[in-house]
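Everything below concerns the one structure shown next.
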Amino acid sequence: MDEATEVFTDHRELLFSMVYNLLGTVADTEDVLQETWLAWSGRHRSAGAGPVLHPRAYLVRTAVNTALARRAEISRRRESYFGPWLPEPLLAPAGATGAGTPEDAGERAEAVSIALLVVLETLTPLERAVFVLHEVFGYSHPETAGILGRSPAAVRQLAHRAREHVQARRPRYRADPAVRRQATERFAAAVGGGDLDALLRLLAPDVTLWADGGGKATAAGARPVRGRGKVARLLVGSAERARDVRVRWATANGDPSAVLFLGEAPFAVLVLDLAADGGQVTDIYFVTNPDKLQSVNSVAVEEN
């Protein structure tokens, strides 16, 4: 490996995590990393350019600003997207606490949770970049300002707005993984058995079902479904179709998840959010868009 390749490889996991948090899809993240690599390798090949004194800072600045430039194209795609849009799940074997290497998994588990990424979608691109850099990766306001080409005062204002917005909307509680796994097992059993009473006990009164089929697979319609009765009836109505589904277990974005298979093909990834007491389900994230399930077969899932 030459020096440029080695330095980029050493930082690739960090860059992937940052960009994924900004964009929410693996394909777009990989495209941004490719553009970052081309800029980095081109800089090294330039005969008149001096050495890069701070490679990490250069790579982060390039990747983040390339991702921000890509947001306009992504926003245009979202305008024609059918139904609720959810981030592409990052899957790991059951029991893993993050989507990356073991040493950074714990640090990144909250950062890449489906619930948090759904909230980050409601921020402006700059607010989201400031939040990710400052709140998730610990960059100071002056450092963030240098990456984004903004003044520290402007970054502080963006950070304040983003933090207030996220705190008002993000789940204030994350259940213990074992509790979440148990709740997911009970939920899957109730849906598979068409047990309306069991579902009604599991679901919070204001539960929301986010079903992302992208117009290509089974989902729950054009909008999120809210309310215990509506969600329970919808899920029970799908019970007959669910009888042929096999449930396996994995970790999606740091949280225990159910991976549903029809035959040997992945059908959906299911992630639940729980209320503060760890009992009732407050949010159901259900990804069935096949474009977002392409990595499922490469992950060691646990049989039910």
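The values are calculated or read from the model by the stated rules, or taken from the named source; none is laboratory data. Remember, predicted model here, so these are calculated numbers, not experimental data. As a convention, Cβ positions derive from the backbone with ideal geometry for all residues, glycine included, and neighbour counts pool all protein chains shown. Heads up: the accessible areas ignore ligands, DNA and RNA and are worked out on the full protein's heavy atoms, side chains in. Shrake-Rupley method; radii C 1.70, N 1.55, O 1.52, S 1.80 Å.
Give segment 106-137 a look and list any residue that's over 14 Å from the mean Cα position of the chain (by Cα) and either modelled with pLDDT under 55 or over 24 Å from Lys292 (Cα atoms) (or both), or say none. Matches in segment 106-137: Gly106, Glu107, Leu126, Glu127, Val130, Phe131, Leu133, His134, Glu135, Phe137. On the basis of being of a type outside the set (Phe, Trp, Tyr), more than 18 Å from Ala94 (Cβ to Cβ) and modelled with pLDDT of 90 or more, does Gln280 make the cut? In short, yes. Residues in segment 46-66 that are open to solvent by less than 70 Å² (accessible area, probe 1.4 Å) and in a helix (DSSP H, G or I): Pro55, Ala57, Tyr58, Leu59, Val60, Thr62, Ala63, Val64, Asn65, Thr66. Listed by first and then second residue, the pairs linking a residue in segment 6-24 that is under 17 Å from Thr122 (Cα atoms) and at pLDDT below 95 to a residue that is open to solvent by 10 Å² or more (accessible area, probe 1.4 Å) and acidic (Asp, Glu), with Cβ atoms under 8 Å apart and 6 or more places separating them unless they lie on different chains, are Gly24/Glu88; Gly24/Glu121. The residues in segment 9-45 that are under 24 Å from Phe131 (Cα atoms) and open to solvent by less than 40 Å² (accessible area, probe 1.4 Å) can be counted, and the count is 19. For segment 250-269, filtering for residues that are touching a strand residue (DSSP E or B) at 6+ places or on another chain (Cβ under 8 Å), open to solvent by 10 Å² or more (accessible area, probe 1.4 Å) and either aliphatic (A, V, I, L, M) or modelled with pLDDT under 85 (or both) leaves 2.
Among (1) out of contact with any helix residue (DSSP H, G or I) (no Cβ under 9 Å at 6 or more places or on another chain); (2) at pLDDT below 90, where does Ser295 come up short? Looking at each condition in turn, Ser295 falls short on (1). Only residues that are in contact with a Pro (Cβ under 7 Å, 6 or more places away or on another chain) and open to solvent by less than 50 Å² (accessible area, probe 1.4 Å) were counted in segment 153-189, giving 2.
Among the residues of segment 190-205, those identified as open to solvent by 20 Å² or more (accessible area, probe 1.4 Å) and outside any helix (DSSP H, G or I) are Gly194, Asp195, Pro205. Taken over segment 148-171, the residue count meeting the criterion of being touching a residue at least 24 places away in the same chain (Cβ under 8 Å) and either within 29 Å of Leu59 (Cα to Cα) or out of contact with any Asp or Glu (no Cβ under 8 Å at 6 or more places or on another chain) (or both) is 13.
Select from segment 40-82 the residues that are closer than 17 Å to Asp28 by Cβ and in contact with a Ser or Thr (Cβ under 7 Å, 6 or more places away or on another chain) and list them in ascending order.
Once the filter is applied, which keeps residues that are closer than 17 Å to Asp28 by Cβ and in contact with a Ser or Thr (Cβ under 7 Å, 6 or more places away or on another chain), segment 40-82 yields Thr62, Ala63, Thr66.
Evaluated against (1) part of a loop (DSSP other than H, G, I, E, B); (2) open to solvent by less than 40 Å² (accessible area, probe 1.4 Å); (3) at pLDDT 95 or above, Arg150 falls short on exactly one condition, (2). Select from segment 210-224 the residues that are touching a helix residue (DSSP H, G or I) at 6+ places or on another chain (Cβ under 7 Å) and farther than 27 Å from Thr124 by Cβ and write down the one among them that is most open to solvent (accessible area, probe 1.4 Å). Ranking the qualifying residues of segment 210-224, first place goes to Lys216.
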